[in-house]
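One structure below.
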Amino acid sequence: MEQLLAGTRIAAAIPYIYLAAGLLVLIICGNWLVTGSVQIARHFKISTLVVGLTIVAYVTSAPEMFISVGAALENSHDIALGNVIGSNIANIGCILAIVVVISPIPIRNKSIGIDYLIMFFVTVLVLVFGLNGVIGRFEGICFVTILIAYTVWSVAKSRKNIATEKIEPATMKPLFAILLIAAAVVGLYFSSGWFVKGAKEIALQWGVSERVIAVSIVAVGTSTPELISSLIAAFRKEADLSIGNIIGSNFFNIAGVLGVTTIVSPVKIVNHSMFITDMLWLFGITIVLLLVMIPLSKGKINRWEGGIMLSIFTVYMVILYMT
């Protein structure tokens, strides 16, 4: 009898081991991706803001990419879509809010407003594309096309204005940086699988839907690389990199992660009313971000504003688990 109980406890703990191991490796590999990508970017003389909006933002969103694609292939549509929406809510209401509470962020580049509008535009597209109950391959192609166009435009603009931008010198050889990125990608591939497996089994144990797990535990967990990179940037007084990382990550989560996921396997909206509810929370926290950034050239996101965003996120989590 005791052996049976012990076996039951071990079986019940396995999903948490998968979740913890997946999260740990995601954090480590996310750091490797940030380090390697920033070094590569510096070799090519790309500005700090563009590095934050593109390179760092994209690579810190790699966990979301692996998890959403893997979930879609396993027909876990709630995790595939909930991971993207939840991560974007967490990036602003949790990740950026924590960074600001620890170290207020000055807004020094008014061009961030254009990047914000592009991020907001693709967020609107998610709602529009999802109204018919499925986000398919055509919509995915639209997202990826926007991603490519935006990236090319951002890099071209940065290269054109390179004379007025401060570019940090690279401290790592390009070959080593590439190897670091490659190792990180391999680690992310396996750890994302562990994370999805653990999240699904925990949802079954708790009697909680995959959507709730996706927009909370999975979303916050996969946003950890953004937290680490934004904190490091804030401590180094690289405000453009810190805020750019959040806006760029939210853009990439939709245009890149959701785009590629739906091309690989169309994502069905399992619960339409819940989808609308989550999108309204995303729109709300995204608008709050704009308000706290104003003015866009000499503004500053203060600790109390970070506290407001964190409070909104906390309320969202409470409502999520109570309904």
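The values are calculated or read from the model by the stated rules, or taken from the named source; none is laboratory data. Predicted model, so just to flag it, every value in this text is computed and none were measured. Positions of Cβ are backbone-derived with ideal geometry, glycine not excepted, and every protein chain shown enters the neighbour counts. Just so you know, the surface numbers come from the protein's heavy atoms only, side chains and all, with ligands and any DNA or RNA stripped out. Shrake-Rupley method; radii C 1.70, N 1.55, O 1.52, S 1.80 Å.
Considering the chain as a Gaussian network with a 10 Å cut-off on Cα pairs, which listed residue, Ala62, Ala214, Ala21, attains the greatest mean-square fluctuation? The residue with the greatest mean-square fluctuation here is Ala21.
Within the range 182-323, the percentage of alpha carbon pairs spaced more than 24 angstrom apart rounds to 41%. Here the Gaussian network model covers the chain, with springs between Cα atoms less than 10 Å apart; of Phe120, Phe195, Phe66, Phe120 fluctuates the most. Ligands, DNA and RNA left out, the accessible area of the chain computed with a 1.4 Å probe is 72% carbon and sulfur.
Name the helices (complete DSSP H segments) of the chain with a Cα length along the long axis of 18 Å or more and a Kyte-Doolittle mean of at least 0.5, or state none. Could the numbers behind the result be given before it?
Numbers: long enough: 2-43 (61 Å, 1.10); 77-90 (19 Å, 0.70); 112-130 (27 Å, 2.41); 137-160 (34 Å, 0.65); 174-206 (46 Å, 1.27); 239-252 (19 Å, 0.84); 272-293 (32 Å, 1.91); 303-322 (28 Å, 1.21).
For the chain, where a helix must reach 18 Å along its axis and average at least 0.5, the hits are 2-43, 77-90, 112-130, 137-160, 174-206, 239-252, 272-293, 303-322.
Could you calculate the FRET efficiency of Leu179 with Ile17 from 1/(1 + (r/R0)^6), where r is the beta carbon distance between them and R0 is 25 Å, rounded to 0.05?
Values: r = 29 Å, r/R0 = 1.17.
Computed FRET efficiency for Leu179 and Ile17: 0.30.
Since only Gly198, Ala177, Leu227 are under comparison, the one whose Cα sits farthest along the positive direction of the charge dipole of the chain, derived from C-beta charges on Lys, Arg, Asp and Glu, is Ala177. If I model the range 10-155 as equal point scatterers sitting on the Cα atoms and use the Debye formula, what is log10 I(q)/I(0) at q = 0.12, 0.13 Å⁻¹? Once normalised to I(0) and log-transformed, intensities are -0.64, -0.75. Comparing Glu305, Glu74, Glu226 in a Gaussian network model of the chain (Cα springs below 10 Å), the most mobile by mean-square fluctuation is Glu74.
Projecting the Cα atoms of Val315, Phe251, Met293 onto the charge dipole of the chain, computed from C-beta unit charges around the Cα centre, puts Met293 farthest toward the positive end. Only Cα sites of the chain enter the Debye sum here, all with the same form factor; the resulting log10 I(q)/I(0) across q = 0.09, 0.11, 0.16 1/Å is -0.43, -0.65, -1.37, listed in q order.
Using the heavy atoms of the protein chains and a 1.4 angstrom probe, tell me the accessible area per residue for the range 67-156 in square angstrom.
On the way: 3260 Å² over 90 residues.
Per-residue accessible area for the range 67-156 comes out at 36 Å².
In a simple Cβ point-charge model (Lys, Arg +1; Asp, Glu -1; nothing else charged), the chain has a dipole of about 960 debye relative to its Cα centre.
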